[in-house]
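The values are calculated or read from the model by the stated rules, or taken from the named source; none is laboratory data. It should be emphasised that the depicted structure is a prediction, and the values quoted were computed from it without experimental measurement. A quick note on method: Cβ atoms are made from the backbone with ideal geometry, for glycine too, and the neighbour counts reach across all protein chains shown.
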Amino acid sequence: MTAQIDDARLTSLLAQGTGDILKGVRTVGLLRGRNLGDAGDDLAQNWIARVLEQHRPEDGFLSEEAADNPKRLSKDRVWIIDPLDGTKEFATGRQDWAVHIALVEDGQPTHAAVALPDLGVVFHSDEARAVSGPFARKITISHNRPPQVADHIAGKLGFETVPLGSAGAKAMHVLLGDYDAYVHAGGQYEWDSAAPVGVARAAGLHCSRLDGTELSYNNRDTYLPDLLICRPEVADDILALAAGYLEAHGRY
């Protein structure tokens, strides 16, 4: 591990630098559609891997865009990365895509950063603060796989559901107070939530599975079926409604 740069700064710079690379690839306008998305995934992954190889060669690594190396399971420190979360949104000119960078130690994110490059902001776990104040009375959900349990919860609370793209974008907009909760069911992987959870938890938001189970990272099976990130004031109500829905329907 190099002494020149600490974990907090490295996490933040990785998110910032990856976002800058991706914006540059898109801005020149030479690629579009799937070619643009694939180029963004490849370039971002390559740059992050090279930075970590130079600065943290002994750490483990897990990324959506790289083959899994099981040696990470024996590591106390593992970087869990999604170089471009929301490839479709990125490739079609939308703003709700993100870069996820998380350092996980003993199963929990200790340093995390989520970049929303089109908004020009990087949220970092060392300095994130959730917005308080009046409820937005909104729950953000996936626009690709909207979960029925979210409609149930929103209806009971008198909230509305609003679809967005990237998991990182959804989580950070809860942090900003635009939404009161992010409810997901239908499957994700560790790289989808490690960084958003690291930032959101550090900012004071509730983060768990939909049954209230604590989230854990760097597992052999990287699949995570469901997720709740929300203001702590509504966590108990949402968890209770999710439990009732599961009992009635047998699934989320």
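Could you grab me the full set of residues in segment 86-144 that are charged (D, E, K, R) and either in the same structural domain as Tyr179 (by TED's automatic domain parsing) or not in a helix (DSSP H, G or I) (or both)?
Within segment 86-144, Arg94, Asp96, Glu105, Asp106, Asp126, Glu127, Arg129, Arg137, Lys138 qualify.
What number of residues in segment 198-233 are within 23 Å of Phe61 (Cβ to Cβ) and part of a helix (DSSP H, G or I)?
5
Let me spell it out: the conditions are (1) surrounded by 19 or more Cβ atoms within 10 Å (Cβ to Cβ); (2) of a type in the set (Asp, Glu); (3) outside any strand (DSSP E or B), and Asp236 meets all of them except one. Which number is the exception?
So the condition that Asp236 fails would be (1).
Tell me which residues, restricted to segment 18-42, are surrounded by 18 or more Cβ atoms within 10 Å (Cβ to Cβ) and more than 15 Å from Lys88 (Cα to Cα).
Within segment 18-42, Thr18, Gly19, Ile21 qualify.
Could you tell me whether Asp59 is surrounded by 12 or more Cβ atoms within 10 Å (Cβ to Cβ) and over 20 Å from Leu14 (Cβ atoms)?
Considered against the rule, which asks whether it is surrounded by 12 or more Cβ atoms within 10 Å (Cβ to Cβ) and over 20 Å from Leu14 (Cβ atoms), Asp59 comes out as no.
Select from segment 109-150 the residues that are closer than 19 Å to Thr87 by Cβ, of a type in the set (A, V, I, L, M) and surrounded by fewer than 18 Cβ atoms within 10 Å (Cβ to Cβ) and list them in ascending order.
The one that is closer than 19 Å to Thr87 by Cβ, of a type in the set (A, V, I, L, M) and surrounded by fewer than 18 Cβ atoms within 10 Å (Cβ to Cβ): Leu119.
Within segment 151-189, which residues are surrounded by 24 or more Cβ atoms within 10 Å (Cβ to Cβ), within 18 Å of the chain's Cα centre (by Cα) and in a helix (DSSP H, G or I)?
Ala167, Gly168, Ala169, Lys170, Ala171, Met172, Val174, Leu175
Any residue in segment 73-96 that is without any contact (Cβ under 8 Å) to a residue 60 or more places away in the chain sitting within a Cβ distance under 9 Å of a residue that is polar (S, T, N, Q) and crowded, with 24+ Cβ neighbours inside 10 Å? List the pairs, counting only those 6 or more apart or interchain.
Trp79/Thr11
Report yes if Gly93 is closer than 30 Å to Glu233 by Cα and either surrounded by fewer than 23 Cβ atoms within 10 Å (Cβ to Cβ) or over 15 Å from the mean Cα position of the chain (by Cα) (or both), otherwise no.
Considered against the rule, which asks whether it is closer than 30 Å to Glu233 by Cα and either surrounded by fewer than 23 Cβ atoms within 10 Å (Cβ to Cβ) or over 15 Å from the mean Cα position of the chain (by Cα) (or both), Gly93 comes out as no.
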